[in-house]
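Structure first, then comments.
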Amino acid sequence: MYDNEARPGFKSGWGFSCLIGENVLFDTGADVSTLQYNMQKMKINLQEIEAVVLSHAHGDHTGGIEIVRQLGDVRVFVPASFFTPLKRKLSRFRNVEMVEVSDTTEIEEGIISTGEIGRIGEQSLIVHTSKGIVIVTGCSHPGLDTIMNIARRFGTIYGVVGGFHGFDKLEILRGVGMIVPCHCTRLKKRILSVFPKTSLQCAAGFVFNI
Ligand SMILES: [Zn+2]
Ligand SMILES: [Zn+2]
């Protein structure tokens, strides 16, 4: 829904957001107008969104939070150590129930938060699919390898999607069936060239069917 790159007809911006299934919105990008534009273009029914998960407090993931004004009653999952002014802002939306996450937490059936990890306090999602686990990350500040090790407790990793930040231990991606480097991934081009059969380009407007 929001990425540094965009398909023709969609808007790009430095940030990240994606919709998982019909009802879980992961991150909100840096601004609500770009997010809303892309969601409209994708013909997303905002009323079906039941949960918003904010990976970490950085503005390129939380800047579009005003999108909740257009949703029905919604739970917003934030890391427990989340920036206090942002928590306060969330508590002002009448339709929002804020859930603070420390340890692994079920967001809805088949979708689990890793809990907050690392100094920045970032959560990633573990999505159960028929092919295995798909990890969805915001920026991967704790390190993609750390996140993958936690996710492995829940099953075999089939895919990783999201911002991988400065991740450079490419060899650990060998055997992963679907690699989608998005947003802040520094080695995006190299990942796509090292894993031509298993990696996919990321951009706002793309849909990945698993
Ligand atoms: Zn970040
Ligand atoms: Zn980011």
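A short reminder: the numbers here are calculations on the coordinates, not readings from a lab. Since this is a predicted model, take the numbers as computed values, not measurements. As a convention, Cβ positions derive from the backbone with ideal geometry for all residues, glycine included, and neighbour counts pool all protein chains shown.
So here's what we get for this one:
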{"read-out": "Formal net charge of residues neighbouring Gly159 (Cβ-Cβ distance under 15 Å; K, R +1; D, E -1)", "value": "+4"}
{"read-out": "Interchain or long-range residues, amide H under 5 Å from Glu97's placed H", "value": "Val74, Arg75, Val76"}
{"read-out": "Centroid-to-centroid separation of the range 12-81 and the range 158-210 [C-alpha atoms, Å]", "value": "21 Å"}
{"read-out": "Unit Cα scatterers, Debye sum, the chain: log10 I(q)/I(0) for q = 0.16 Å⁻¹", "value": "-1.01"}
{"read-out": "Stretch gain in nm, segment Leu170-Arg190, where the contour uses 0.36 nm per residue and the Cα spacing is subtracted", "value": "6.3 nm"}
{"read-out": "Long-range HN-HN contacts of Ile107 with modeled amide H, under 5 Å", "value": "Ile112, Ser113"}
{"read-out": "Positive-end extreme of charge dipole, the range 18-194 - chosen from Val134, Ile157, Ile179 (charges on Cβ)", "value": "Ile179"}
{"read-out": "Given charges at Cβ of Lys, Arg, Asp, Glu: the range 23-67 dipole, positive-most of His56, Asn45, Gly29", "value": "Asn45"}
{"read-out": "Surrounding net charge for Leu71, when Lys and Arg each add one and Asp and Glu each subtract one, Cβ distance under 13 Å", "value": "-3"}
{"read-out": "Isolated Cys residues of the chain, judged by Cβ distance under 4.7 Å to other cysteines", "value": "Cys18, Cys139, Cys184"}
{"read-out": "Simple Cβ-charge dipole of the range 18-194, Lys/Arg +1 and Asp/Glu -1, about Cα centre, in debye nearest 20", "value": "540 debye"}
{"read-out": "Segment Glu109-Glu48, length gained on full extension (0.36 nm per residue, minus Cα span)", "value": "20.4 nm"}
{"read-out": "Relative contact order, percent, the chain [alpha-carbon distance under 8 Å, six or more residues apart]", "value": "18 percent"}
{"read-out": "Relative packing of peptides 108-121, 185-198 - highest average C-beta neighbours within 10 Å first", "value": "108-121, 185-198"}
{"read-out": "Sites Glu5 and Arg94, calculated FRET efficiency, Cβ-Cβ separation with R0 35 Å, nearest 0.05", "value": "0.50"}
{"read-out": "Cross-link partners of Lys189 among lysines (Cα-Cα below 17 Å; sequence separation of 8 or more within a chain)", "value": "Lys169, Lys197"}
